[in-house]
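Written out below as C-alpha cells is the structure these notes cover.
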Amino acid sequence: MEQPKYRRIVLKLSGEALAGQLGYGIDSQTIVSIAEQVKKVHELNIEIAIVVGGGNIWRGIAGSAKGIDRATADYMGMLATVMNSLALQDALENVGVPTRVQSSITMQQVAEPYIRRRAMRHLEKGRVVIFAAGTGNPYFSTDTTAALRAAEIEAEVILMAKNKVDGVYSADPSKDPTAVKFETLTYMDMLNKNLGVMDATAASLCMDNNIPLIVFSITEEGNIRRVVLGEQIGTIIRGSVS
C-alpha cells in the first residue's frame, strides 16, 4: 500500500467549496464528491480533522458591513459553519466514514462540545472529526480556527482546499494573465506580499507552531489523496524555505 507523508491532518474547506457551481448554499453533488475524496484518504489510515467555513450561507464581515453588530454577525457565521459541518458529516457517514462533529458553541442536541482530548481520542479510533462554530469567539476567522485546532491536536499539516485556484499566485489569475504561481513560500513572504491566503492571526499561529500549509484545488478529483501521499501540487507554505 502507498505510504502517506502525513499521519494526522487538518483539512480546511471554505464554505464556498460546498456550494459548487451553485455559488450559494450546499450543492449535494459537490458535498458527495468531497466525502468520497475524504474516504479515500481515510482508507490510508490517516487521522483527519476538518474545519469548514460558512461563507456559502453567511459571512460575518459582510453582515457587519450591512449594519448588523459585528459580534452578532460573527455568531451567525458560526452557526452557518455548524450547518455545513452537519451536512458534511451526513455525506461522510453515507459513504461509510465514521464522523463526529464538535462545536465550539454548546448545542448538545446536534453536536458534541469541543474537547481537545476527546477529539484526539476520536482521531485515534479512526473517526473523522469536524470542528464547527469556529473558535466560539467573534472576530476570529475559520482559518484561525484551522490553525488553532491543528496546533491543539498536534496535526502535521493543514491542507487548504480551494475551489477557484490551484495554489497561491502573485495576483488573481482570473484577472491578471501575468500572475505567477508559487510552488513554495514562507509565512513571512505570504504576509509581506499581502497574498490573502489567510489572515495574520492564523499565519502567526502556524509560524509559532511550525505547521506547514498546503494550498491546492479540490475541484480536481483525487487531489486530497495526492497531497497526503506527498505529490507536489499546489503551493506549500512553511516557516522557512529550508
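When the range 65-81 is examined, which residues are found to be among the acidic types (D, E) and crowded, with 17+ Cβ neighbours inside 10 Å?
D74
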Every residue from the range 132-165 that is under 11 Å from A202 (Cα atoms) and part of a loop (DSSP other than H, G, I, E, B): F140, S141
Do the conditions hold for V82, that is, is it farther than 21 Å from V228 by Cβ and not hydroxyl-bearing (S, T, Y)? yes
Within the range 174-184, is even one residue within 20 Å of S14 (Cα to Cα), touching a strand residue (DSSP E or B) at 6+ places or on another chain (Cβ under 9 Å) and crowded, with 16+ Cβ neighbours inside 10 Å? no
Can you pull out the residues in the range 6-25 that are at pLDDT below 95 and farther than 17 Å from S217 by Cα? L22, Y24, G25
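Of all residues in the range 85-105, which are touching a His at 6+ places or on another chain (Cβ under 7 Å) and aliphatic (A, V, I, L, M)?
Going residue by residue through the range 85-105, those that are touching a His at 6+ places or on another chain (Cβ under 7 Å) are 97, 100.
Passing the criteria: only V97.
Just to check your reading of the model, which residue among Y139, Y169, Y114 is of a type in the set (F, W, Y) and out of contact with any helix residue (DSSP H, G or I) (no Cβ under 9 Å at 6 or more places or on another chain)?
Y169
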Could you please give the count of residues in the range 124-170 that are more than 11 Å from the chain's Cα centre (by Cα), under 29 Å from A71 (Cα atoms) and acidic (D, E)? 1
Sort out which residues of the range 50-64 are charged (D, E, K, R) and buried (at least 22 other Cβ atoms within 10 Å of the Cβ), and write them in order of number. none
It is to be established whether one or more residues within the range 213-232 are modelled with pLDDT under 95, touching a Lys or Arg at 6+ places or on another chain (Cβ under 9 Å), surrounded by fewer than 19 Cβ atoms within 10 Å (Cβ to Cβ) and at positive phi. yes
Scanning the range 21-61 residue by residue, the ones that are assigned to a loop (DSSP other than H, G, I, E, B) and free of Cβ contacts under 8 Å to residues at least 60 places away in the same chain total 10
Please enumerate the residues belonging to the range 39-79 that are closer than 23 Å to V227 by Cα and of a type in the set (S, T, N, Q). N45
Output yes when any residue across the range 82-100 is part of a helix (DSSP H, G or I), in contact with a helix residue (DSSP H, G or I) (Cβ under 9 Å, 6 or more places away or on another chain), at pLDDT below 95 and crowded, with 17+ Cβ neighbours inside 10 Å, and no when none is. no
I want to confirm something. Restricting to the range 191-242 and keeping residues that are part of a helix (DSSP H, G or I) and among the small types (G, A, S), which single residue is nearest to the chain's Cα centre (by Cα)? A202
Please state which of the following conditions M198 fails to meet, knowing it meets all the rest: (1) in contact with a Lys or Arg (Cβ under 8 Å, 6 or more places away or on another chain); (2) modelled with pLDDT under 95; (3) crowded, with 21+ Cβ neighbours inside 10 Å. (1)
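The values are calculated or read from the model by the stated rules, or taken from the named source; none is laboratory data. Just so we're clear, the structure is a prediction, and the values are computed from it rather than from any experiment. Because the Cβ atoms are built from the backbone with ideal geometry, glycine has one as well, and the counts that use them run over all protein chains shown.
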